[in-house]
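To start, the structure under review is shown below, and the notes come after it.
The values are calculated or read from the model by the stated rules, or taken from the named source; none is laboratory data. Bear in mind that the values here come from a model prediction, so they are computed numbers and not experimental data. Quick reminder, even Gly has a Cβ in these numbers, built from the backbone with ideal geometry, and neighbours come from all protein chains shown. With ligands, DNA and RNA removed, areas are computed over all heavy atoms of the protein, side chains included. Shrake-Rupley method; radii C 1.70, N 1.55, O 1.52, S 1.80 Å.
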Amino acid sequence: MRQLLTHAGRCPAARRACGGALLALLVVACGDPEPLEGRTYGVHPAGWGEEGGHARALRADGYPLDTCYACHALDEGPGNCVECHAEGPEACDVCHAEPPPPHAAHARFDCATCHPVPRDLRTAGHLEDRGSDDVTLRGLAATRGFDPSYSAEGAGCSQVACHAGPGARRPVLEWGAAPVVCGDCHGSPPPNHPADRCDRCHEGIVDADGRVVLDEARHVDGRVEAVDWRQLDCDGCHGQDGDPAPPRALDGSSDPSSRGVGAHQAHLQPTRAKPVACGTCHVVPAAVDVPGHVDDDTPGRAEVVLSGPAVGEAGQPTYAAARCSDTACHGPDQPVWTGDAPCGTCHGLPPAAPHPVGTDCARCHPTAGPDRTIARPLDHVDGRVDVLGLGPDDCATCHGEGGRVVPGGSHAAHARFDCAACHPVPQRPVEPGPHLDGAPTVDLAAGGVFDGRGCAQVGCHGFGEPVWGVPETVQGCDACHGAPPPGHAEGDCTQCHPGPMEATHVDGLVQVALPQACDACHGYPPASGAHVAHLSGERGKALDCATCHVVPDRVDAPGHLDPPPAEVALQTGRYAEGGCAETDCHAGPGAEVPTPQWDDPPSVADCGGCHAVPPPEHPPQNCVLCHGGVIDVDGVITRPRLHVDGEVTFR
């Protein structure tokens, strides 16, 4: 009784149970506390003393612990709760001491990561089965921007930071599924990761193979623990011992037959050539964390971008399928990155024509040694071909009389012209490019084309098409331009183009010294058409040139020297289709030929051609009666200057 009263002093439920007559009843009913095992009598239901019996009974009644406290002490005397439940009967481990296997795999994480943890046993909803509502993912599961969710009826967890890492094979895990292994929760390696040993950056967390977690406390803890790779030197990821070039490759390989290793050392520490800087084949970042260096779309594979000494004049070099193409260093050859490149791989031994035939390379190349060795590696494959005895002014060594490549064909006939008029002239005789490729390159500075047989549409040959090496195709003035050219006046060429002919002919300029007299180019009057009839004054007033033409104030006035025919600008009427029409001089009343043709002067030679004889509404008398000052009785024009002068003369 003393023990019960002591407990009642601490427990509100006991104080209520011990009030008045009820206290005496409970004392009779309960008596002294007794051990549970084997006891199934009194107020306890059947099976109470069996293993787990009281737990099942309490669960069935909703855990009415307050009624238990009315008789049983919590932490004192026989049968108290803490004898079995060290933290008390309301501690979590009373029900959750041995969670099912999937929980055991998560045992190191706080319960609140996945569940709403109640304030105590009697928190509303705690003892109910609420399905998906009993899982509320937060904390570690929701780090790094993840938005996790759980479905009791579906696949389980989704978008959780702990399982849905980059490249995860099983980003959505069904509860109770097979245990996870490396690669299930994040790629192995993750996307944009170097395909190398995990322990290189995650030291102490995983082993060298990236398969065994060495320190679980630092794994899946909401942080990605890694060395500060931004502070690493180049050899921290590739290369070793201060050398940035593999081996070691990004994948850890040291085998030269692997693409990650390949010929790196042959390029950076060559025995036959100048070392190749990393920037010749790769874009070298200014810092480790420059975008695109580590976090690109090709993790574990370095991009090849050929530049600098690798770029020749033949075109843009490329790298594909572990082979280089069109590089200045390897020429037309396509060496395999994981193979070798002995002498003869990059250029012929000797190179093709026009290179001289021979095996003594050192005779012309100071970089070469005896027996096809390299005497000066630092000067070999450096972007220059070193040749002894040839400078910028030594063209005649090869192209002069007695040289190896003496120009033939029509070169002698063109000797007074600069070589650059027809060919690209290199700055140095041994300059890489088309100069020494054995095929002469023709690049006509004056325009036009060279089809291998001859020139066409070039300024120096005009409309002619001379055949190279056949002098007969350029003999005579009309071989290059007409004699005279189209649109030119007939006559002596020297009248407008004075000599000396050799010095000023085919020099890119048309030498012209125009005469100032009109009759130097055309007669005065010209002999063509009806010019003489208009300017002679035999049957009418002699016309001034300005009556039919715009007379220039100087010979070279714009529009004057354009190709014939000459422009006609009549003061009255119009000129079209080779004749005049509606002019005062020819289209008089009753004219028989009001539209005379320029090239047919006799058509208007007779009276009546320009006006009727007599004109309409004229008296039928002889013309002399009224116009005796101009014509005689026989109809002969006696005073031509008064005829066709713009006035009708009466006597």
Next item on the list: Give region 92-115 a look and list any residue that's in contact with a Lys or Arg (Cβ under 9 Å, 6 or more places away or on another chain) and open to solvent by less than 70 Å² (accessible area, probe 1.4 Å), or say none.
Entry: Ala112, Thr113, Cys114
Margin query: Return the residues of region 607-649 that are within 17 Å of Lys541 (Cβ to Cβ), assigned to a loop (DSSP other than H, G, I, E, B) and of a type in the set (A, V, I, L, M, F, W, C); say none if nothing qualifies.
Written below: Cys607, Cys610, Val630, Val636, Val644, Val648
Check: Across region 369-406, which residue is modelled with the highest pLDDT among those that are open to solvent by 80 Å² or more (accessible area, probe 1.4 Å) and touching a Cys at 6+ places or on another chain (Cβ under 6 Å)?
Finding: Arg372
Check: Of all residues in region 276-308, which are touching a strand residue (DSSP E or B) at 6+ places or on another chain (Cβ under 9 Å) and crowded, with 16+ Cβ neighbours inside 10 Å?
Finding: Cys281, Val304, Leu306
Notebook entry, point to check: Counting only residues that are hydrophobic (A, V, I, L, M, F, W, C) and touching a Ser or Thr at 6+ places or on another chain (Cβ under 6 Å), which one in region 461-519 is nearest to Gly409 (Cα to Cα)?
Noted result: Trp468
Notebook entry, point to check: Out of (1) open to solvent by less than 60 Å² (accessible area, probe 1.4 Å); (2) at pLDDT 80 or above; (3) farther than 30 Å from Thr143 by Cβ, what's the single condition that is false for Pro118?
Noted result: (3)
Notebook entry, point to check: Here are Arg144, Arg169, Arg211, Arg223: which of them is open to solvent by 50 Å² or more (accessible area, probe 1.4 Å), touching a Cys at 6+ places or on another chain (Cβ under 6 Å) and either part of a loop (DSSP other than H, G, I, E, B) or free of Cβ contacts under 8 Å to residues at least 12 places away in the same chain (or both)?
Noted result: Arg211
Note to self: If I go through region 545-591 residue by residue, how many of them are part of a loop (DSSP other than H, G, I, E, B), of a type outside the set (A, V, I, L, M) and surrounded by 15 or more Cβ atoms within 10 Å (Cβ to Cβ)?
What the structure shows: 8
Next item on the list: Would you point out the residue of region 494-544, among those that are of a type in the set (D, E, K, R) and part of a loop (DSSP other than H, G, I, E, B), that is most open to solvent (accessible area, probe 1.4 Å)?
Entry: Glu538
Check: If the Cβ limit is 6 Å and pairs must be 6+ apart or interchain, which residue in region 337-354 that is closer than 23 Å to Ser258 by Cα and in contact (Cβ under 8 Å) with a residue 12 or more places away in the chain pairs with which residue that is part of a loop (DSSP other than H, G, I, E, B) and of a type in the set (Ser, Thr, Tyr)?
Finding: Thr338/Ser257
Margin query: Looking only at region 241-253, count every residue that is modelled with pLDDT under 85 and either polar (S, T, N, Q) or in contact with a helix residue (DSSP H, G or I) (Cβ under 6 Å, 6 or more places away or on another chain) (or both) and tell me the total.
Written below: 1
Margin query: All but one of (1) without any contact (Cβ under 8 Å) to a residue 12 or more places away in the chain; (2) over 15 Å from Arg197 (Cβ atoms); (3) of a type outside the set (S, T, N, Q) hold for Asp235; state the number of the condition that does not hold.
Written below: (2)
Margin query: Can you find, within region 407-420, the residue that is modelled with the lowest pLDDT among those that are more than 15 Å from Trp468 (Cα to Cα) and either assigned to a loop (DSSP other than H, G, I, E, B) or open to solvent by less than 60 Å² (accessible area, probe 1.4 Å) (or both)?
Written below: Arg416
Notebook entry, point to check: Of all residues in region 276-301, which are touching a residue at least 24 places away in the same chain (Cβ under 8 Å) and either in a loop (DSSP other than H, G, I, E, B) or of a type in the set (D, E, K, R) (or both)?
Noted result: Val276, Ala277, Ala287, Val288, Asp289, Val294, Asp295, Asp296, Asp297, Pro299, Gly300, Arg301
Next item on the list: Taking Gly260 as meeting all but one of (1) within 29 Å of Val385 (Cβ to Cβ); (2) open to solvent by less than 50 Å² (accessible area, probe 1.4 Å), write down the number of the exception.
Entry: (1)
